[in-house]
Amino acid sequence: MIDLRAVVFDTDGVLLATADRHAAAWKETFDGCLPEWQPPHAGARPRPFDAVREYRDLVDGRSRLDGVRAFLTARHVDLPPGTPEDPPGCATVHAVAARKEEVFSAMVRTEGVRTFDDVRPALRALREKTIRCAAVSASRHARSLLESVGLIGYFDALVDGQDAAALALPGKPDPALFLEAAGRLDVTPAHTAVVEDALAGVDAGRRGRFGLVVGLDREGDLRTRDALRTYGARLVLPDLGGLPAALEGGRRP
C-alpha cells in the first residue's frame, strides 16, 4: 500500500495532443539540415528522420537542446554548441534547436492545440479525491498552451521549460523537473505518481523514486507498452480514464 497524495503529469502527449506536431516539427528541422551535415561525396541521400521511432527514442520528452544532441550523437554528426543567440539554422546545436522552435511555433499559430477527451474527467475525478496535481513540460510553451485549452486551473503547480532555464534544472531523464513539481505541491516523491508517455520521462520518474510511475500508451502499440515498462513504468494505461481508479487506495499495481 502506498499513500499517493499527488500526481505529476507530463504535458505533451498526456494532457495535450501536441506530440504529433512536435514530431512533425522535428522531422522538418532535421530533414532540412541532414543534407548540410552529410560529408562531401557521401553518395546516397541521408536517411530521413523517423518521426515515430527516432522521435520516441531520441527527442520525445527532452528539452530542445537535449533532443538535438541525442539525434546528432545517434547520427554521428558533430556540431559546435553555439550560443542561445544563434538564429535558426543548421550550423550549431543552438541554431538547430532554434529552427525546431520556429517550426513548432508556426504550426501552433496555424493549427492551434487541443486536449484529449479523457483529460478533464480524470482531472475532475482527482480533484474530488483531493489529490493534488501538477503539470510538467520541457517546453517553454506549456503554460500558454494549457491556458489556451482551459486546463491551467486544474493544476496546483506547473514546471515548464522557462522554469527549467531559470533554475538551471537538467532535462529528462534526470528527474529534476518532476522533483521540483513535487516540491511545489509539498508532497514527497514517495507519495506522488508520475504520468508520462515518453521513455525519457518514464525513466525520470523511476530515477526520482516516485511512488508510482504510469506509462501512457495512447496508440495501443505493443512495442511502446513494452518499452515503457522496460524504462520503469509500473502501470501502463491506454488513456487517463483508468487513472483515478488506479490511484484509489494508493495501491501499487
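The values are calculated or read from the model by the stated rules, or taken from the named source; none is laboratory data. Note that the structure is predicted; figures quoted are calculated from it, not measured. Here the Cβ is made from the backbone with ideal geometry for all residues, glycine too, and neighbour counts use every protein chain on show.
Restricting Ala190, Ala142, Ala138, Ala165 to residues that are in contact with a Lys or Arg (Cβ under 9 Å, 6 or more places away or on another chain), touching a residue at least 40 places away in the same chain (Cβ under 8 Å) and closer than 22 Å to Arg69 by Cβ narrows the list to Ala138. Note on the range 102-124: residues that are small (Gly, Ala, Ser), over 30 Å from Asp78 (Cα atoms) and surrounded by fewer than 16 Cβ atoms within 10 Å (Cβ to Cβ) amount to 1. So, Ala91, is that one under 22 Å from the mean Cα position of the chain (by Cα) and either farther than 23 Å from Val113 by Cα or not assigned by TED's automatic domain parsing to the domain that holds Phe178 (or both) or not? In short, no.
In the same structural domain as Leu146 (by TED's automatic domain parsing), touching a Leu at 6+ places or on another chain (Cβ under 9 Å) and at pLDDT 95 or above: which single residue out of Val119, Val68, Val96 fits that description? So the residue among Val119, Val68, Val96 that is in the same structural domain as Leu146 (by TED's automatic domain parsing), touching a Leu at 6+ places or on another chain (Cβ under 9 Å) and at pLDDT 95 or above is Val119. From the list Pro35, Pro39, Pro46, the one residue that fits, being assigned to a helix (DSSP H, G or I), more than 25 Å from Lys172 (Cα to Cα) and assigned by TED's automatic domain parsing to the domain that holds Arg99, is Pro35. Screening the candidates Val159, Val108 for the property of being farther than 24 Å from Glu248 by Cα and in contact with a strand residue (DSSP E or B) (Cβ under 6 Å, 6 or more places away or on another chain) yields one hit, Val159. Can you confirm whether Asp3 is modelled with pLDDT under 95 and of a type in the set (Asp, Glu)? Yes: the conditions hold for Asp3. Against the test of being surrounded by 12 or more Cβ atoms within 10 Å (Cβ to Cβ), basic (Lys, Arg), under 19 Å from the mean Cα position of the chain (by Cα) and more than 23 Å from Leu199 (Cα to Cα), the options Arg127, Arg99, Arg64 yield a single qualifying residue, Arg99.
Checked against the criterion of being within 15 Å of Val8 (Cα to Cα) and either in a loop (DSSP other than H, G, I, E, B) or at pLDDT below 95 (or both), the candidates Arg184, Arg223, Arg209, Arg252 yield just one match: Arg209. Among the residues in the range 159-166, are any over 17 Å from Ala122 (Cα atoms), out of contact with any helix residue (DSSP H, G or I) (no Cβ under 9 Å at 6 or more places or on another chain) and not hydroxyl-bearing (Ser, Thr, Tyr)? So far as the range 159-166 goes, yes, one or more of its residues are over 17 Å from Ala122 (Cα atoms), out of contact with any helix residue (DSSP H, G or I) (no Cβ under 9 Å at 6 or more places or on another chain) and not hydroxyl-bearing (Ser, Thr, Tyr).
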